[in-house]
Amino acid sequence: MTTLFSRFPLFLLAVLIGALPARAQERSVVPLDVIHGADGGGRVYVTMRFGNVMGPMRLDTAASTSRIELAPWNEGFPALGASVSTGASGAATSCEDVEATNVELKAAQGTNIGRATYRVTRCTTSDGDDLLGLDFFKGARFSLDLEGKEMVFFPEGEESGFRPFRRLWPDHRLLGLDVRLGKTEAVGLFDTGAEISAVDRRFLERRKALFVPVKKKAEVSDASGRKFGAKVYKAKEIDLGDGHVLKDVVVVSYDFGPLREALGGEAPLILGFDILSRFRWELDLRVADAPRWKAEAR
């Protein structure tokens with residue numbers, strides 16, 4: 001499949017790599033391209049530049065690393081080692097880690113957010129989008145407004161009101177929120193790459209009173225683009241804390257399988273675009289072992 005990057009011509013531009021996000025010296029505004037879907041779902045894209053090649057990547061905070069498909073524009077990136085990419089469907093793709101240089105997140109105002117060198121996962125095949133993963137934002141403090149279609153990076157600001165993220169995955173590279181479904185405590189994976197929120201089928205079967213079935217089926221796809229069936233429900237109540245309570249939230253349900261195994265059963269809920277777009281978020285990832293968040297309703 002043709003990658004999103006290969007749909008764009010090469011631009012011979014001077015590369016002006018900005019400082020690392022943590023060292024940003026001015027306010028930078030990054031526009032988001034949002035494609036809306038059914039039931040409040042959606043996909044989010046940003047414009048990235050790798051050297052002299054520029055194009056869109058899907059913003060996916062549940063991807064611990066960025067992922068690109070092998071294409072002429074990146075075939076010369078030096079290989080660092082083999083890796084495997086596994087999606088929610090359980091399908092595994094053979095990949096390799098490579099080193100990219102002069103990588104930038106394009107800003108409409110202020111300086112671009114860039115890294116002189118950046119390790120990415122390159123896969124030989126993919127039916128999905130190229131993904132910009134959470135690790136690109138290591139050391140950054142920024143706001144995320146999906147409905148307002150912008151991210152804002154800033155070096156300083158109000159320090160009060162933050163809550164700790166739950167660090168997930170064996171190496172703690174993903175982020176979760178402590179939530180409540182009714183009176184049941186749970187953890188939700190913070191996932192801008194999920195078009196709509198989801199609940200693990202095993203969790204739902206044990207707590208059916210928290211959900212109402214909807215008489216329709218859904219077909220969802222994982223990060224690799226592989227599609228699989230899911231059932232549709234409404235979560236009666238999801239409480240994110242600080243008075244942020246959502247009622248009758250549409251969610252899809254399927255067997256999390258390898259995702260549940262990787263997360264150690266900690267996160268039976270995926271907080272996708274439909275939930276995340278209801279708030280303006282502020283993420284503080286400057287301290288690796290103490291990521292924080294706060295949100296305000298839009």
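Residues that are within 17 Å of Leu144 (Cβ to Cβ), in contact (Cβ under 8 Å) with a residue 24 or more places away in the chain, under 17 Å from the mean Cα position of the chain (by Cα) and open to solvent by 40 Å² or more (accessible area, probe 1.4 Å): does the range 236-251 have at least one?
No; the residues of the range 236-251 include none that is within 17 Å of Leu144 (Cβ to Cβ), in contact (Cβ under 8 Å) with a residue 24 or more places away in the chain, under 17 Å from the mean Cα position of the chain (by Cα) and open to solvent by 40 Å² or more (accessible area, probe 1.4 Å).
When residues of the range 119-177 are filtered for being assigned to a loop (DSSP other than H, G, I, E, B), open to solvent by less than 10 Å² (accessible area, probe 1.4 Å) and touching a Phe, Trp or Tyr at 6+ places or on another chain (Cβ under 8 Å), how many remain?
Here the count works out to 3.
Just checking, which of Asn74, Asn52 is open to solvent by 20 Å² or more (accessible area, probe 1.4 Å), of a type in the set (S, T, N, Q) and touching a strand residue (DSSP E or B) at 6+ places or on another chain (Cβ under 9 Å)?
Asn52
Would the range 83-104 turn up any residue that is open to solvent by less than 10 Å² (accessible area, probe 1.4 Å) and part of a loop (DSSP other than H, G, I, E, B)?
For the range 83-104, residues open to solvent by less than 10 Å² (accessible area, probe 1.4 Å) and part of a loop (DSSP other than H, G, I, E, B): absent.
Which one is surrounded by the fewest Cβ atoms within 10 Å (Cβ to Cβ) among residues in the range 32-44 that are in contact with a strand residue (DSSP E or B) (Cβ under 6 Å, 6 or more places away or on another chain) and touching a residue at least 24 places away in the same chain (Cβ under 8 Å)?
By that ranking, first place goes to Asp33.
Can you run down the residue pairs with Cβ atoms below 6 Å, 6 or more apart or on separate chains, where the first is in the range 281-296 and of a type in the set (Gly, Ala, Ser) and the partner is modelled with pLDDT of 95 or more?
Ala295/Phe279; Ala295/Trp281
When only residues in the range 6-31 that are within 19 Å of the chain's Cα centre (by Cα) and at pLDDT 95 or above count, which is surrounded by the most Cβ atoms within 10 Å (Cβ to Cβ)?
In this case the residue turns out to be Val30.
Are any residues in the range 182-215 under 16 Å from Lys234 (Cβ atoms), in a loop (DSSP other than H, G, I, E, B) and in contact with a helix residue (DSSP H, G or I) (Cβ under 9 Å, 6 or more places away or on another chain), and if so, which ones?
Correct list: Gly182, Ile196, Ser197.
One line per residue, one yes/no per condition, for (1) closer than 25 Å to Pro164 by Cβ; (2) not small (Gly, Ala, Ser):
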site: Ser85; (1), (2): no, no
site: Val98; (1), (2): no, yes
site: Asn102; (1), (2): no, yes
site: Leu105; (1), (2): no, yes
site: Gln109; (1), (2): no, yes
site: Ala116; (1), (2): no, no
site: Thr121; (1), (2): no, yes
site: Ser126; (1), (2): no, no
site: Leu134; (1), (2): yes, yes
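So, in the range 269-298, of the ones that are over 14 Å from Phe142 (Cβ atoms) and of a type in the set (Asp, Glu), which residue ends up surrounded by the fewest Cβ atoms within 10 Å (Cβ to Cβ)?
Result: Asp289.
The values are calculated or read from the model by the stated rules, or taken from the named source; none is laboratory data. Predicted, not measured: the structure shown is a model, and the values here were computed from it. Here Cβ is always computed from backbone atoms with ideal geometry, including for glycine, and neighbour counts include all displayed protein chains. The accessibility values were calculated without ligands, DNA or RNA, using every heavy atom of the protein model including side chains. Shrake-Rupley method; radii C 1.70, N 1.55, O 1.52, S 1.80 Å.
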